[in-house]
Amino acid sequence: EVQLVESGGGLVQAGGSLRLSCAASGFTFDDYAIGWFRQAPGKEREGVACFSSSHGSTFYARSVKGRFTISSDNAKNTVYLQMNSLKPDDTAVYYCAADPRRVGDCSYEYAYWGQGTQVTVSS
């Protein structure tokens, strides 16, 4: 019932920007924590940005703080990740995720995941 579909990935040069979108269905944003995660080849999954509207809290990884912004359009049931000043180290598959425990951080295993979208940043 819960479904998350990412889009907006692609190839950009260092210093460029992308906005990722995650279309959600089957749940209400206020009842879930929402997060963006990424995984590069040979590395563990990394929490990038997560929030809980019920807690009024938002988490950003230190590596993206000040460059990435998580936001949502509740009317469209869509969550976004605006990525600016991209670096080659940002290259990864990016996933959106949701969890009914409504904790506004990325430090636990989320229950529902999208299929991922590739972001590649060239030097």
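The values are calculated or read from the model by the stated rules, or taken from the named source; none is laboratory data. Note that the structure is a prediction, hence the values are computed from the model and not measured. Positions of Cβ are generated from backbone atoms using ideal geometry, with glycine treated the same way; all protein chains shown enter the neighbour counts. Heads up: the accessible areas ignore ligands, DNA and RNA and are worked out on the full protein's heavy atoms, side chains in. Shrake-Rupley method; radii C 1.70, N 1.55, O 1.52, S 1.80 Å.
Within straight-line reach of residue 43, meaning a Cα separation under 19 Å, sit the following lysines at least 8 residues removed in sequence or on another chain: 87.
The accessible surface of segment 28-123, taken with every protein chain in place and a 1.4 Å probe, is 46 percent carbon and sulfur. Using 0.36 nm per residue and subtracting the Cα-Cα separation, the extra length available between residue 75 and residue 43 on full extension is 8.0 nm.
Taken about its Cα centre, segment 43-95 carries a charge dipole of roughly 100 debye when the Cβ of each Lys and Arg holds +1 and the Cβ of each Asp and Glu holds -1. Rounded, prolate or oblate: which fits segment 46-88, taking a ≥ b ≥ c as square roots of the Cα gyration tensor eigenvalues, rounded meaning a/c under 1.5, else prolate when a/b beats b/c? Oblate, because a/c is 1.5 or more while a/b does not exceed b/c.
A simple count of charges around residue 17, restricted to other residues whose Cβ falls under 13 Å of its Cβ and scoring Lys, Arg +1 and Asp, Glu -1, yields +2. For the chain, modelled as a GNM whose springs connect Cα atoms under 10 angstrom apart, the maximal fluctuation among 107, 53, 17 occurs at 107. For the chain, relative contact order (Cα pairs under 8 Å, six or more residues apart, normalised by length) works out to 37 percent.
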